Amino acid sequence: MTRTDKDYYAILGVDPKADAEAIKKAYRKLAKQYHPDANPGNPKASERFKEVGEANSVLSDTGKRAKYDQMRKLGAFGFGGARPGTRPGTQQSSNFSFEDLGGLGGFSDIFSSIFDRGRKEEARRPSGPAKGANIDYTVEVPFLVAARGGKVPISVPINEECATCGGSGGAPGTTWKKCGECGGTGTVSFGQGGFAVSRPCPACVGRGELPDTECGACGGEGKIHQERSIQVTVPAGVDSGSRVRLTGQGERGAGGGPPGDLVITFKVLPHRFFQREGSDIQVTVPINMVQATLGSKIRVSTISGRKVVLRIPPGTQPGTRFRIRGQGISREGRRGDQYVEVRVDVPETLTEEQQERIREFADSAGLKW
Ligand SMILES: [Zn+2]
Ligand SMILES: [Zn+2]
């Protein structure tokens, strides 16, 4: 999710009352100024270019601009002293979700291709450290592990920048030659909204250069695909959809930057016997008609693994629910109960003699048959 607390007007250096033409003009000027082609290997320009594009994508769209203005007015994010022309992006105030503006996906596709390339260039010419990417991962948790808490081993696929070549794809110390495909620019361009948008060159993957000797560790790809084995601690009573963030377990940061996070979403698997209703457990247990009629004691499994004796009183009807206190799920200091619903099974086959006895019973009890 893209979050921002940025003042788009300040980013473009225009007045909040600026008309569409003024916004367009400001955007074109800045986009040209900070375009990665004009600033090779300059992460600050690349960041600025991104901000400018972001600002324009909102302010140039009448609907999005109206929503943005509304949020601004409502103080969804505090602008501090931001004035047109000031260097934006330094205020740390309440965030609003970019999704609130709706349907901004389009621009990020265009821009991400440029930033992928920008990142690779940074890898070649190390600049500032950058935090590694976060990884989202869904963990399937067996029902009883979720109920009691425990650990689940997972293997997370991680694509990380190759440590041997720093993501360049070239063997350490190799010489580089200009890529023939793109003439060394690393990009192929096409027109978009008044300036050329670049996509990474497929031959050199945006590097603009090809190594004489490819990196042996990554086969020239610049990335390493690996699996990381982690024991995930599952809190007792976890529900499907709940999430935990494992700080520092994401992709490794570039240039000595901190690693990203691993964001785990739990998915609790169903159990063939136990069902969950909030903190309570629901089960259905079959008893036979004699147990139901005369009463009985049955042993019922609980999530703790212990069996509990449940007394079935004489004359118990099918569908009767019994409660076993405190055998539900413990959550936030409260323990749920287990509910046992009885099903009464009727014998499917009887011998002639057994049938005769049942008829005798029915006659004596005045039951029609
Ligand atoms: Zn490598
Ligand atoms: Zn190329």
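Where a number appears in this text, it was derived from the coordinates with a stated rule and is not lab data. Nothing here was measured: the structure is a model prediction, and the numbers come from that model. No Cβ is skipped: glycine too gets one built from the backbone with ideal geometry, and neighbour counts run over all protein chains shown.
A few points about this structure:
- Protection proxy ranking of 353-361, 165-173, 144-152, by the mean of other Cβ atoms within 10 Å over each peptide's residues and highest first, is 165-173, 144-152, 353-361.
- With 0.36 nm allotted per residue and the present C-alpha distance subtracted, the Met289-Glu47 stretch has 79.6 nm of extension available.
- Taking 14 Å as the cut-off, the amide N atoms of the range 158-182 that come nearer than this to a point 7 Å along the Cα-to-beta-carbon line of Gln226 belong to 158-167.
- Cα-based reach from Lys297 at 27 Å (exclusive), listing lysines while leaving out same-chain residues under 8 positions away: Lys307
- Annotation for Val244 and Glu277: the two label points, set 7 Å from Cα along the Cα-Cβ direction, are 2.9 nm apart.
- Among the listed pairs Lys32/Lys64; Lys25/Lys177; Lys44/Lys177, those whose Cα-Cα separation exceeds 29 Å are Lys25/Lys177.
- Between Ala163 and Asn39, the C-beta separation translates, for a Förster distance of 22 Å, into a calculated FRET efficiency of about 0.25.
- Radius, Kirkwood style, for the range 275-365 when every pair of distinct Cα atoms is counted (Å): 14.9 Å
- Computed E for Ser155/Leu269 - FRET, C-beta separation, R0 25 angstrom, nearest 0.05: 0.90
- Cα-projected label distance for Thr233 with Arg325, points at 7 Å along beta-carbon direction, nm: 3.2 nm
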